[in-house]
1. For the chain, what is the mean residue ellipticity at 222 nm derived from helices alone (per DSSP H run of n ≥ 4: -39500 (n - 2.57); sum divided by total residues; nearest 500 deg cm²/dmol)?
2. Cα-based Rg (one decimal) and Dmax (whole number) for the range 68-130, in Å?
3. Could you check how much of the accessible area of the chain is carbon and sulfur, as a whole percent, using a 1.4 Å probe?
4. Compute the signed sum of charges (Lys and Arg +1, Asp and Glu -1) over the other residues within less than 9 Å, Cβ to Cβ, of Leu61.
5. For Lys301, give me every one of the aspartates and glutamates with a C-alpha distance below 19 angstrom, ignoring sequence neighbours fewer than eight places off in its own chain.
6. Can you give the angle from 0 to 90° between the axis of helix 42-51 and the longest principal axis of the chain, with both taken from C-alpha atoms, to the nearest 10?
7. Most fluctuating residue of Thr112, Thr89, Thr214 in a GNM of the chain with Cα springs under 10 Å: which is it?
8. For the range 174-189 and the range 45-105, write down the distance between their C-alpha centroids in whole Å.
Amino acid sequence: MVEQAPTLVGQSPAFLKALEETSNVAELAKPVLIVGERGTGKELFAARLHYLSPRWDSVYLQLNCATLTETLLETELFGHEAGAFTGATRRHLGRFERASSGTLFLDELATTSQRVQEKILRVIEYGEFERVGGSNTIQTDVRIVAATNEDLPTLAHEGRFRIDLLDRLAFDVITLPPLRERAEDILLLAEHFAVNMANELKRELFPGFSDSATKILMEHDWPGNVRELKNVVERAVYRNDPDNLVGVIVLDPFDSPFRLNKKTHQVHEVVSEIEDLEFPIQFRQRVDEFEVSILRAALEKAQFNQRKTAELLGLSYNQLRNSVRKHNISRIEEDGSG
C-alpha cells in the first residue's frame, strides 16, 4: 500500500502559511530546511514534502542525527566497506545510497560535526560520496530535507556550522510557528487528539471538554508545542470517565506532593547558610541576592515567559515586572514576551 502525505491539523494564518510554503516547494528536487521549536511537527512537514513531490512513490528515509556518535552517523549516512573498522564484517549501504531516487530527512542537523557536514555538502553539490573505508565514488539522486530547532545562521557565524552547507540547504526555509502563536488551533488539535484517543480506547465517542478544561488548554503556553498538547489531551481522555466531559487536565504528570526533587535539599541548604552566617552582615544586600536567585530560577522554569513566571511566584504581572526592573534582570526584557 502506498503511503500518503500525513494529515496536518490547523486553520491559523501562521499554520496555513507554512502549509502553503510546503506544498509550493514540494514539487522541486531542491533541498529544504525546516526550522521550528521542539514539538512543532517538523517530521510531519518533512513527510508531507516527500509525499506531495514527484518522488512520492519512491523511498522515504529518516534519520535523527542527534542519536548517533560522529562515527556511527557517518557510516549510517554513507555506508561502509567490509573491513573498514573493527567489527565491519560486511558491506553496509548507507542512507544516501538507499534513498537514491527518493527523499532523506535529516532531523537535528545542527548536532552534526564539521566532517559530516562537509560530506553532506558534497552529496548536495555533486550527488556523490564514498563509503567509509572505500575508494569508489558512488552516485546518488536523493532529495535532502533537513530540520533543526537551532538558529543555524548564528551557529554559522560562530563557526559551529558550515556556512556553505547552510547556503545550499537554505534554497527554501520553512519556519514552523509555535503553538502559542496558533491560538485558533489549540482546541481544534485537542479535539482531534481526543477523538483519536477515544477510538484507541474503543470508546463510542468523545464527550468533549468542560469549560474549566477548555480554559486551561487555552491559557497554557505550551512550551512543548503540539507534542505536549497531544500528551496532555491523551492523558486526560484515558483517565476520564467516558460518560462525562473531560474536566481534569494534568499539564505536568510529575506534579505530586511526594515528587522527588531538590526542594527539600534547598530548604536545608538555606537553613544551613543562615546558621553559618557571621554577623554583622549587609541585610538588604543579602535579601536582594536571595530575591534575585528566586526570580532567576522561576524565569528559567517558565522559559522566560513573564505571565507564567508571575503565576509560579504568586505575583501579578505588574508586580513581577517591577521586581525584574528593580533588580535589573535584563533577559526577560529581551526574550520574555508576554
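1. Numbers: 15 runs with 160 residues, N = 338.
Helices in the chain give a 222 nm mean residue ellipticity of -14000 deg cm²/dmol.
2. Just the Cα atoms of the range 68-130 yield Rg and Dmax of 11.8, 32 Å.
3. Working: 9820 of 19780 Å².
Result for the chain: 50 percent of the exposed heavy-atom area is carbon or sulfur.
4. Working: positive: Arg95, Arg98; negative: none.
Summing Lys and Arg as +1 and Asp and Glu as -1 gives +2.
5. Those aspartates and glutamates meeting the cut-off are Glu37, Glu219, Asp221, Glu228, Asp252, Asp255, Glu289, Glu291, Glu311, Glu333, Glu334, Asp335.
6. So the helix axis and the longest Cα principal axis differ by about 30 degrees.
7. Ranking Thr112, Thr89, Thr214 by mean-square fluctuation puts Thr89 first.
8. Rounded to whole Å, the Cα centres lie 31 Å apart.
The values are calculated or read from the model by the stated rules, or taken from the named source; none is laboratory data. The structure displayed is predicted, hence computed values, not measured ones. Heads up, the Cβs are rebuilt from the backbone with ideal geometry, glycines too, and the neighbour counts pull from every protein chain shown. To get the accessible areas, we keep the full protein, side chains included, count just its heavy atoms, and leave off ligands, DNA and RNA. Shrake-Rupley method; radii C 1.70, N 1.55, O 1.52, S 1.80 Å.
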